[in-house]
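Below is one structure, written out as structure tokens, with a few remarks after it.
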Amino acid sequence: VVHLNKEATANQFEQALAELGTFIGVATERHDTNGVGPDVLWLLPSKVGLVIEAKSRKKDANALTKGDHGQLLVAHQWFEQNYKGYDSVRVSVLPANRATKAASAHASHALTYEKLQALVSDARVLLARLCDSALDGDDLVSECATLLKSSPIRDDRLVDRYLLPFKEGE
């Protein structure tokens, strides 16, 4: 997670985002080839794809623009063509959940740096509790299942817990 910040290069940030997804137990892929597929794709066990475009270099004061959102829409269209049978959630990673009016991003979601850090923190708490348990084998698997029941990083809680709707604002 050391590269999940605005000082990281775009490639470092996207790779770190993919690795975080793997760490929390979702299948991850990187597909952005000449601007067609998403920067990062998280495939949840519930057959939902989080189609993620990372705007990691965007300045804090800058809202999601029409061009930024267009890039996310193109990635989403690619996902729908290539992942039949999946539902999808469009996600842009950026400093704040603001979008320009022209972006028309009402059906997309923001993963803000603040929410991203909350996800990292929640994952660390879960990992620390598992490590502190000193269990192994089936006992560790059982403890993990128990902890996941109340964990916010379950796949059925990720969208509601960490993703925000966009607000219009320059």
Going by what's in this entry, would VAL120 be described as within 18 Å of the chain's Cα centre (by Cα), part of a helix (DSSP H, G or I) and aliphatic (A, V, I, L, M)? yes
Determine which single condition ALA75 fails, assuming it passes every other condition in (1) assigned to a helix (DSSP H, G or I); (2) surrounded by 17 or more Cβ atoms within 10 Å (Cβ to Cβ); (3) modelled with pLDDT of 95 or more. (3)
Looking at (1) open to solvent by 70 Å² or more (accessible area, probe 1.4 Å); (2) touching a helix residue (DSSP H, G or I) at 6+ places or on another chain (Cβ under 9 Å), which one does GLU19 not meet, given that it meets all the others? (2)
Closer than 25 Å to LEU127 by Cα, open to solvent by 10 Å² or more (accessible area, probe 1.4 Å), in a loop (DSSP other than H, G, I, E, B) and of a type in the set (S, T, N, Q), is that true of ASN5? yes
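Between GLY85, GLY37, which is open to solvent by less than 10 Å² (accessible area, probe 1.4 Å), farther than 23 Å from PRO165 by Cβ and part of a loop (DSSP other than H, G, I, E, B)?
Among GLY85, GLY37, only GLY37 is open to solvent by less than 10 Å² (accessible area, probe 1.4 Å), farther than 23 Å from PRO165 by Cβ and part of a loop (DSSP other than H, G, I, E, B).
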Could you give me the residue pairs with C-beta distances under 9 Å whose first residue belongs to the range 133-155 and is open to solvent by 60 Å² or more (accessible area, probe 1.4 Å), whose second residue is of a type in the set (Val, Ile, Thr) wherever it lies, and which are 6+ apart or on separate chains? LEU135/VAL141
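Filter the range 92-117 for residues that are of a type in the set (A, V, I, L, M, F, W, C) and open to solvent by 50 Å² or more (accessible area, probe 1.4 Å); which is nearest to the chain's Cα centre (by Cα)?
Within the range 92-117, the subset of a type in the set (A, V, I, L, M, F, W, C) is 93-94, 96, 99, 102-103, 105, 107, 110-111, 116.
Those still in the list that are open to solvent by 50 Å² or more (accessible area, probe 1.4 Å) too: 102, 107.
Details: ALA102: 24, ALA107: 16 Å.
Filtering the range 92-117 for residues that are of a type in the set (A, V, I, L, M, F, W, C) and open to solvent by 50 Å² or more (accessible area, probe 1.4 Å), the one nearest to the chain's Cα centre (by Cα) comes out as ALA107.
Of everything in the range 156-170, what is free of Cβ contacts under 8 Å to residues at least 60 places away in the same chain and part of a helix (DSSP H, G or I)? Give them in sequence order.
Taking the range 156-170 and keeping what is free of Cβ contacts under 8 Å to residues at least 60 places away in the same chain, we get 157, 160-162.
Residues satisfying the conditions are ASP160, ARG161, TYR162.
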Of the residues in the range 48-69, those that are open to solvent by 70 Å² or more (accessible area, probe 1.4 Å) and under 15 Å from the mean Cα position of the chain (by Cα) number 0
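Which one of ALA16, ALA96 is among the aliphatic types (A, V, I, L, M), assigned to a loop (DSSP other than H, G, I, E, B) and within 20 Å of VAL120 (Cα to Cα)? Reasoning before the result, please.
Numbers: ALA16 fails: assigned to a loop (DSSP other than H, G, I, E, B).
Only one candidate qualifies: ALA96.
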Quick check, is GLU80 farther than 16 Å from VAL40 by Cα, surrounded by fewer than 17 Cβ atoms within 10 Å (Cβ to Cβ) and out of contact with any Lys or Arg (no Cβ under 6 Å at 6 or more places or on another chain)? no
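The values are calculated or read from the model by the stated rules, or taken from the named source; none is laboratory data. Treat the numbers as computed from the prediction; the structure is a model and nothing was measured. Heads up, the Cβs are rebuilt from the backbone with ideal geometry, glycines too, and the neighbour counts pull from every protein chain shown. What goes into the accessible areas is simple: the full protein's heavy atoms, side chains included, and nothing from ligands, DNA or RNA. Shrake-Rupley method; radii C 1.70, N 1.55, O 1.52, S 1.80 Å.
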